[in-house]
Amino acid sequence: MAGIYLHIPFCKKACHYCNFHFSTSLGLKNDLIAALLKEIPLQKDYLQGQPINTIYFGGGTPSILEAPELEALLNELNKYYTINSLAEITLEANPDDITETKLYNWKTLGINRLSIGIQSFFEEDLLWMNRAHNAAEARNCLATATRYFQNITIDLIYGSPLLTNEQWLQNLSIANSYNIPHLSCYALTVEPDTALQKMIALQKKEAVDRKRSG
Ligand SMILES: C[S@@+](CC[C@H](N)C(=O)[O-])C[C@H]1O[C@@H](n2cnc3c(N)ncnc32)[C@H](O)[C@@H]1O
Ligand code: SF4
């Protein structure tokens, strides 16, 4: 079984806990798309003609891309690889990018699964994380996205200092209320070279209690 992962390393804001590869400047977005469009044919023999069963746009924040950019990448993949007609095509999407127009475009392009970074439904928790979305957007985007996509997974983070155990259970119960088939729950980790690590070292943020997040 073969799959292709495309990394889109751009985000609107730097979440304080995150050390994935990303930039908050979109200055190199066009160059990145051009480089990916060159890389796809260069790598065409790597999978030795195996049919592709999954395509995954991860990030960073792939939902930041415009529909024509996603279309160009998918067209190029279709040109050089045999994509299974039932392939799972996932896009990581952040709540503040999810609009009816974008959902319609993604569906039209053949994207059939969304991975949505909710993280929490609580405002203070989202502010603590420095997320680009608020609590209302966390709920509204799910109400809208579930009208267009059945196959949705959402990310939630537990173990942050402001989130009580009761609120964590509420996060799970709110997520379940949208009948989403899959949840990814991450224990908050303090990663090297993140704003979170620096703020904890400077005692500007409370240390993360491993017993709560581990
Ligand atoms: C590729 S990342 C981000 C995808 C997308 N940009 C977003 O933020 O929703 C996938 C997930 O990893 C989790 N994550 C990233 N850094 C983390 C950390 N330090 N501790 C716990 N979870 C983390 C978040 O839940 C995030 O949604
Ligand atoms: S968690 Fe997602 S949106 Fe936040 S900085 Fe990391 S990749 Fe970007």
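The values are calculated or read from the model by the stated rules, or taken from the named source; none is laboratory data. Note that the coordinates shown come from a computational prediction; the quantities given were computed from them, not determined experimentally. Using ideal geometry, Cβ is built from the backbone for each residue, glycine included, and neighbour counts are taken over all protein chains shown. For the accessible areas, the whole protein counts, side chains as well, though only heavy atoms, and no ligand, DNA or RNA atoms are used. Shrake-Rupley method; radii C 1.70, N 1.55, O 1.52, S 1.80 Å.
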All but one of (1) among the aliphatic types (A, V, I, L, M); (2) assigned to a strand (DSSP E or B); (3) touching an Asp or Glu at 6+ places or on another chain (Cβ under 9 Å) hold for L86; which doesn't? (3)
Among the residues of the stretch 156-184, write down those that are in contact (Cβ under 8 Å) with a residue 24 or more places away in the chain, open to solvent by 60 Å² or more (accessible area, probe 1.4 Å) and over 13 Å from F122 (Cα atoms). N179, P181, H182
From the set of residues in the stretch 116-133 that are away from ligand 1 (no atom under 13 Å from the Cβ) and in contact with a helix residue (DSSP H, G or I) (Cβ under 6 Å, 6 or more places away or on another chain), which is most open to solvent (accessible area, probe 1.4 Å)? E123
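Taking the stated definitions as given, is T194 open to solvent by less than 30 Å² (accessible area, probe 1.4 Å) and under 16 Å from the mean Cα position of the chain (by Cα)? It would help to see each step written out before you state the result.
Values: open to solvent by less than 30 Å² (accessible area, probe 1.4 Å): yes; under 16 Å from the mean Cα position of the chain (by Cα): no.
It is false that T194 is open to solvent by less than 30 Å² (accessible area, probe 1.4 Å) and under 16 Å from the mean Cα position of the chain (by Cα).
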Please give the number of the condition V208 fails out of (1) closer than 25 Å to K12 by Cβ; (2) out of contact with any strand residue (DSSP E or B) (no Cβ under 8 Å at 6 or more places or on another chain); (3) open to solvent by 70 Å² or more (accessible area, probe 1.4 Å); (4) not charged (D, E, K, R). (3)
How many of the residues making up the stretch 53-68 are more than 16 Å from ligand 2 (Cβ to nearest atom), touching a residue at least 40 places away in the same chain (Cβ under 8 Å) and not in a strand (DSSP E or B)? 1
Which one of these does L26 not meet: (1) open to solvent by 70 Å² or more (accessible area, probe 1.4 Å); (2) in a strand (DSSP E or B)? (2)
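Consider Q150 carefully, then state whether it is open to solvent by 60 Å² or more (accessible area, probe 1.4 Å), out of contact with any helix residue (DSSP H, G or I) (no Cβ under 9 Å at 6 or more places or on another chain), free of Cβ contacts under 8 Å to residues at least 40 places away in the same chain and more than 23 Å from S25 (Cβ to Cβ).
Details: open to solvent by 60 Å² or more (accessible area, probe 1.4 Å): yes; out of contact with any helix residue (DSSP H, G or I) (no Cβ under 9 Å at 6 or more places or on another chain): yes; free of Cβ contacts under 8 Å to residues at least 40 places away in the same chain: yes; more than 23 Å from S25 (Cβ to Cβ): yes.
Criteria met by Q150.
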So if I check each of Q50, Q43, which one is loosely packed, with under 14 Cβ neighbours inside 10 Å, touching a residue at least 40 places away in the same chain (Cβ under 8 Å) and farther than 30 Å from A138 by Cα? Q50
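With respect to L32, determine if the residue is touching an Asp or Glu at 6+ places or on another chain (Cβ under 6 Å), on the phi < 0 side of the Ramachandran plot, part of a helix (DSSP H, G or I) and free of Cβ contacts under 8 Å to residues at least 40 places away in the same chain. Explain how you work it out, then say what you get.
Details: touching an Asp or Glu at 6+ places or on another chain (Cβ under 6 Å): no; on the phi < 0 side of the Ramachandran plot: yes; part of a helix (DSSP H, G or I): yes; free of Cβ contacts under 8 Å to residues at least 40 places away in the same chain: yes.
Against the criterion (touching an Asp or Glu at 6+ places or on another chain (Cβ under 6 Å), on the phi < 0 side of the Ramachandran plot, part of a helix (DSSP H, G or I) and free of Cβ contacts under 8 Å to residues at least 40 places away in the same chain), L32 does not qualify.
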